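Asker: Let me begin by handing over the structure; questions about it come next.
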Amino acid sequence: MIDWQSIHGESFSGARVLVTGGAGFIGSHLIETLVALGADVVAFDDLSGGDWANLDGFGDGVEQITASITDAEAIGKATAGCRFVFHQAALGSVPRSLKEPELYYDVNVIGTVNVLQAARAAGVGRVMFAGSSSAYGNPPGDGSTPKVETMPPLPLSPYAATKLAGEHAMRAWANSYGVDTAVLRYFNIFGPRQNPHSAYAAVIAAFAKALHVGRPGVIFGDGEQSRDFTFVANAVHANLLAARHDGPLLGEVFNVAVGGRVSVNELYQRMAARYGHADLAAVHQPSRGGDVLHSQADMSKTKRTLGYEPLVDFDTGLAATCDWYKQNLARQE
Ligand SMILES: NC(=O)c1ccc[n+]([C@@H]2O[C@H](COP(=O)([O-])OP(=O)(O)OC[C@H]3O[C@@H](n4cnc5c(N)ncnc54)[C@H](O)[C@@H]3O)[C@@H](O)[C@H]2O)c1
């Protein structure tokens, strides 16, 4: 779908890179692209949420390490000799974090410190961190104003607080120890290989799974909450641009999104139509604690500093994603 070579050229050719969370959704897309660009990839994952099957068909060039980022020795060994680290490993669900906050701090915060210490010891050129738009919370007002990186973060859930702690560690390690870092604040990333089977599945994956068998999707709250749904190739592109950036980034935060806003009701209607169930109404359940109302990114800084432009718009990404779920969920039946 995307000619990565024409965009990123030889920038990663022969470079040894580590992708934590490499068996997961976004990590596997980063790896697919890095392999296509000729990088020598180390994939690190404890398989708590990912699956090495996500890397099937990428060739033999990926070294797979099954271990946890909470194991400082294992992550230290994996990082040796790497020029870049793309740190994607984390526990990712807001509702689950409300139930298990200590576990979230252990993996998302201590695990991230272990990654930074490993990067420091290995003399890594730059660590790219998977931040989250949940760091913004619900700023004052009706929440519909695009989120700018200069806004004070207001995390609402333990998950958001752990991702923000990770961001702060990125900035601190860059300034204290000279490990350069960049924070990519992802806004609702979606695409092929996002897990639809978890009890905490992201909304597009969950709708796909339900609609595939003709069941209605579940919407929490009235569905008027909106998101800047972002196709995964855009997140990959932002990571690669951050890695290639000339000069230190010192833990700077960059929004990664399209810059649009789609309500969950609208998303459901579009997906239901794609599945031939335009008349199948969604089921509404009470809204969930920790969820934000509206989430839309101001993309000015990412465009200005990293030269980012979204590669894939929402509609094109949604069509590709629905097609993928149709094929792959059918295969699993
Ligand atoms: N998908 C989104 O919309 C979104 C939005 C904001 C931020 N993020 C962040 O992006 C990153 C990737 O998310 P994703 O959507 O690909 O989710 P994912 O669950 O598919 O990927 C996360 C991967 O991390 C692995 N992992 C979890 N704990 C680990 C540990 N202790 N050690 C090693 N590996 C571990 C999991 O097994 C999984 O493969 C996460 O850091 C997440 O917080 C995602």
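Asker: Compute, for Glu102, the solvent-accessible surface of its heavy atoms (probe 1.4 Å) with the complete set of protein chains present, and express it in square angstrom to the nearest 10.
Answerer: My reading of the accessible area for Glu102 is about 140 Å².
Asker: Compute the distance in nm between two label points, each set 7 Å from the Cα along the Cα-to-Cβ direction, one at Asp279 and one at Asp323.
Answerer: About 2.9 nm separates the two model spin labels.
Asker: Carbon-plus-sulfur fraction of the accessible area of region 2-57, 1.4 Å probe, in percent?
Answerer: 44
Asker: When N counts the residues of the chain, how does its alpha-carbon radius of gyration compare numerically with 2.2 N^0.38 Å, as a ratio?
Answerer: 0.94
Asker: Using a 1.4 Å probe on the protein chains only, how many percent of the accessible area of region 229-333 belongs to carbon and sulfur?
Answerer: It is 48 percent, rounded to a whole number.
Asker: Moving on. Could you give the nm distance between label points at Met1 and Ser48, where each point is 7 Å from its Cα heading toward the beta carbon?
Answerer: Inter-label distance under the simple model: 2.9 nm.
Asker: While we're here: Show which aspartates and glutamates lie in cross-link reach of Lys209 when reach means a straight Cα distance below 20 angstrom and same-chain residues fewer than eight apart are skipped.
Answerer: Correct list for Lys209: Asp51, Glu266, Asp279, Asp315, Asp323, Glu333.
Asker: Hey, another quick one. If you roll a 1.4 Å probe over the heavy atoms of the protein chains, what accessible area per residue do you get for the chain, in Å²?
Answerer: Dividing the accessible area of the chain by its residue count gives 41 Å².
Asker: Calculate how steeply helix 25-36 sits against the longest principal axis of the alpha-carbon atoms of the chain, using the helix alpha-carbon long axis, and give the answer as 0 to 90 degrees to the nearest 10.
Answerer: Between the helix axis and the principal axis of the chain, the angle is about 50 degrees.
Asker: Could you tell me whether region 67-165 comes out rounded, prolate or oblate from its Cα gyration tensor? Rule is a ≥ b ≥ c as square roots of the eigenvalues, rounded for a/c under 1.5, then prolate if a/b exceeds b/c, otherwise oblate.
Answerer: Verdict is oblate for region 67-165.
Asker: Any idea how far the Cα center of region 224-303 sits from the one of region 1-71, in Å?
Answerer: Using only Cα atoms to place each centre, the spacing works out to 22 Å.
Asker: I would also like to ask the following. Is the shape of region 20-82 best called rounded, prolate or oblate, per the rule: a/c under 1.5 gives rounded, else a/b larger than b/c gives prolate, else oblate, with a ≥ b ≥ c the square roots of the Cα gyration tensor eigenvalues?
Answerer: Since a/c reaches 1.5 but b/c is at least a/b, the shape of region 20-82 is classed as oblate.
Asker: Considering only protein heavy atoms and a probe of 1.4 Å, how much of the accessible area of region 124-195 is carbon and sulfur, as a whole percent?
Answerer: 57
Asker: Over 25 Å between Cα atoms, which of Lys147/Lys303; Lys99/Lys147; Lys163/Lys301; Lys99/Lys163 qualify?
Answerer: Correct reply: Lys99/Lys147.
Asker: If ligands, DNA and RNA are left out, what is the accessible area of Ser287 with a 1.4 Å probe, given in Å² to the nearest 10?
Answerer: Taking all protein chains as shown, Ser287 has close to 90 Å².
Asker: Efficiency by 1/(1 + (r/R0)^6): what FRET value for Asp60 and Arg120, r their Cβ-Cβ distance, R0 = 30 Å, to the nearest 0.05?
Answerer: Rounded to the nearest 0.05, the efficiency is 0.50.
Asker: Show the residues, 5+ positions off or on another chain, whose built amide H is closer than 5 Å to the amide H of Ser132.
Answerer: Residues meeting the criterion, in which the H sits 1.01 Å from N, are Tyr186.
Asker: While we're looking at this one, here's another question. Considering only Gln269, Gln194, Gln296, give the residue with the highest GNM mean-square fluctuation for the chain, with springs between Cα atoms whenever their separation is below 10 Å.
Answerer: So, out of Gln269, Gln194, Gln296, the one fluctuating most is Gln269.
Asker: Shifting gears a bit: Springs between alpha-carbon atoms under 10 Å, Gaussian network over the chain: tell me which of Val218, Val109, Val127 tops the mean-square fluctuations.
Answerer: The residue that fluctuates most here is Val218.
The values are calculated or read from the model by the stated rules, or taken from the named source; none is laboratory data. Computed from a predicted model, the values in this text were never measured in an experiment. Using ideal geometry, Cβ is built from the backbone for each residue, glycine included, and neighbour counts are taken over all protein chains shown. What goes into the accessible areas is simple: the full protein's heavy atoms, side chains included, and nothing from ligands, DNA or RNA. Shrake-Rupley method; radii C 1.70, N 1.55, O 1.52, S 1.80 Å.
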